[in-house]
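In what follows, a structure is listed as structure tokens, so that the remarks can point back to it.
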Amino acid sequence: MGQPQEKAVSLETAGKRERKINIFVLLFIILAIATLLTYVLPAGEYVRIEANGRTTVDPHSFKWLKSAPVGLFDMIKAVPTGMVEAGNIIFFLLIIGGFFGVLRATGTVDVLIATLARKLAKREKLLIPVVMLVFAAGGSLMGMAEETLAYVPLVIPLALALGFDAITGTAIVIIGALSGFTTAIMNPFTVGIAQGIAELPMFSGIGYRLILFVIVYLVSVLFIYRYAMKVKKNPSIGVYGKYTKEEASHLLQSNEKLTARHKCILGAFLLNYIVLAFGVIKFQWYITEIAALFIILTIVVGIIGNMSADHIVNSFTKGSASLIGGALIIGVSRAILVVLNEGHIIDPLLHLVSESIKHFPGYLSVAGMYSFQTLIHFVLASGSGHAMLTMPIMAPLADLLHITRQTAVLSFSFADGIGNMIFPTATTLMASLAIAGISWTKWARWILPLVLIQYLIGLIAVITAYFIGYGPF
């Protein structure tokens, strides 16, 4: 089955068709540019250190290397290599797709959405702030990101049934979670790792991040809410992805009610989330463990739904097949990082920037640090990987510049979270758009104003942190 095609309702005339860039074409252009950069930029590297199961860099070990340009064939090889390196994310996405294929086959999803749509019919304005708060809390307190993929295909039909569109449904989940992920009140995968590297007390500085959480959350809600209300008034401006307005409109008229079997399936889904949260917090579960949990849930849901083994497997396969396009996108985006690593040009950029901002006044150094973290996140879309590469350099650099290490961590956290809302190298975003059937170019145009506002909030936040001596140190 091919990648879902976008079915946007447009006000444009038939003669003025929208020009869209295929995401694979865009990623290959970026990959080619990355390859050319290996011929232009000098090569160098820091020594990597293995400690406590983590790989960090020695900030005093940088050395220049002989140029290592990546050839055409090596560039092509980077694509399958990227797919192998991103294999855990790719297979997690396919497992999530398979799970929802089975869940939909039980009929539970349609009945649940119909029930919620009826109950929210006159209170649809509550959907955006309430559901976004749930995901924002998950992103900020336990680092929910990839885990939210399971909820995108649930929230989109609900948003459609209430008069909104697929972008609204997708944003409620993804922007909700990333708003929390950005401010990272107690995110163990970003702030937790960054503070550990910077030798700060774990989750210290929580008060300031809590204030920032409220600000970022409210701005995100307001942006999405205003757009959603415009779509409700004029559905023709909406973007519906692989969904259609007609598919969801019947849900408000449906009189179906949740049966005992449906409720048991939903109970299993809720229990799965509780176990997932416990595993992430207590045992530091990540993609592999969470994927295994969803395989178990798939089997349990199939059994409760009275499905035969063949029916479960066929439904799972069909659900997975619908996300093959998104899985391939993740692999190609990872290839960009593979090329930059093979050319040894990431570390020199880190070294040159760190040396350059030493000469700036304090508040400009903070702005420079924040800007660099924003740029580097384009290729280092993994929050933990981003922290482990940059924080061993930024923490001691902060000391030299008389900037608190806590401010350096905050610069990283904002750059990491906001970039995930728009960068095509952000795997969770691209997987979500694949689920919704929304093109990245359409999403990028829509989300860009919010991203710019969030970046401005982040800049003000880190400069303020500099002036107040955000600490403890």
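Cβ-Cβ distances below 8 Å connect the following pairs, each with a first residue in the stretch 87-116 that is over 24 Å from LEU162 (Cα atoms), a second residue that is in a helix (DSSP H, G or I) and of a type in the set (Asp, Glu), and a separation of six or more residues or different chains: ILE89/GLU146; PHE92/GLU146. Of all the numbered requirements in (1) surrounded by fewer than 23 Cβ atoms within 10 Å (Cβ to Cβ); (2) part of a helix (DSSP H, G or I); (3) in contact (Cβ under 8 Å) with a residue 24 or more places away in the chain, LEU158 misses one, and that requirement is (1). When ILE206, ILE175 are screened for being out of contact with any Lys or Arg (no Cβ under 9 Å at 6 or more places or on another chain), surrounded by fewer than 20 Cβ atoms within 10 Å (Cβ to Cβ), under 19 Å from GLY458 (Cβ atoms) and among the aliphatic types (A, V, I, L, M), only ILE206 passes. Considering only residues that are β-branched (Val, Ile, Thr), assigned to a loop (DSSP other than H, G, I, E, B) and under 13 Å from ALA145 (Cα atoms), which ones fall in the stretch 166-206? Once the filter is applied, which keeps residues that are β-branched (Val, Ile, Thr), assigned to a loop (DSSP other than H, G, I, E, B) and under 13 Å from ALA145 (Cα atoms), the stretch 166-206 yields only THR190.
Of all residue pairs spaced 6 or more apart or on separate chains, those with beta-carbon atoms under 7 Å, a first member in the stretch 286-310 that is farther than 23 Å from THR259 by Cβ and a second member that is of a type in the set (D, E, K, R) are ILE287/GLU146; ILE290/GLU147. Filtered by the rule that a residue be surrounded by fewer than 22 Cβ atoms within 10 Å (Cβ to Cβ) and assigned to a helix (DSSP H, G or I), the stretch 113-132 gives THR115, LEU116, ARG118, LYS119, GLU124, LYS125, LEU126, PRO129, VAL130, VAL131. Restricting attention to the stretch 171-188, the residues that are closer than 15 Å to GLY143 by Cα and within 13 Å of the chain's Cα centre (by Cα) total 10.
Here ILE438 clears all of (1) in a helix (DSSP H, G or I); (2) buried (at least 24 other Cβ atoms within 10 Å of the Cβ); (3) at pLDDT below 95 except the condition numbered (1). Among the conditions (1) in a helix (DSSP H, G or I); (2) among the hydroxyl-bearing types (Ser, Thr, Tyr); (3) modelled with pLDDT under 90, the only one that TYR225 does not satisfy is (3). The number of residues in the stretch 25-42 that are crowded, with 18+ Cβ neighbours inside 10 Å, hydrophobic (A, V, I, L, M, F, W, C) and closer than 21 Å to LEU352 by Cα comes to 2.
The single condition among (1) surrounded by fewer than 22 Cβ atoms within 10 Å (Cβ to Cβ); (2) under 25 Å from THR425 (Cβ atoms) that VAL47 does not satisfy is (2). Touching a helix residue (DSSP H, G or I) at 6+ places or on another chain (Cβ under 7 Å) and small (Gly, Ala, Ser), is that true of SER236? Answer is no for this residue. Look at the stretch 190-206: where a residue is without any contact (Cβ under 8 Å) to a residue 40 or more places away in the chain and under 12 Å from MET394 (Cα atoms), no partner that is assigned to a helix (DSSP H, G or I) and not acidic (Asp, Glu) sits 6+ places away or on another chain with Cβ atoms under 6 Å. Kindly check whether there is at least one residue in the stretch 301-311 that is under 30 Å from ALA137 (Cβ atoms) and hydrophobic (A, V, I, L, M, F, W, C). Looking through the stretch 301-311, at least one residue is under 30 Å from ALA137 (Cβ atoms) and hydrophobic (A, V, I, L, M, F, W, C). Screening the candidates THR148, THR168, THR244 for the property of being surrounded by fewer than 24 Cβ atoms within 10 Å (Cβ to Cβ), within 22 Å of the chain's Cα centre (by Cα), in contact (Cβ under 8 Å) with a residue 40 or more places away in the chain and over 23 Å from GLN406 (Cα atoms) yields one hit, THR148.
The values are calculated or read from the model by the stated rules, or taken from the named source; none is laboratory data. Here the structure is a predicted model, which means the values were calculated and not measured. Using ideal geometry, Cβ is built from the backbone for each residue, glycine included, and neighbour counts are taken over all protein chains shown.
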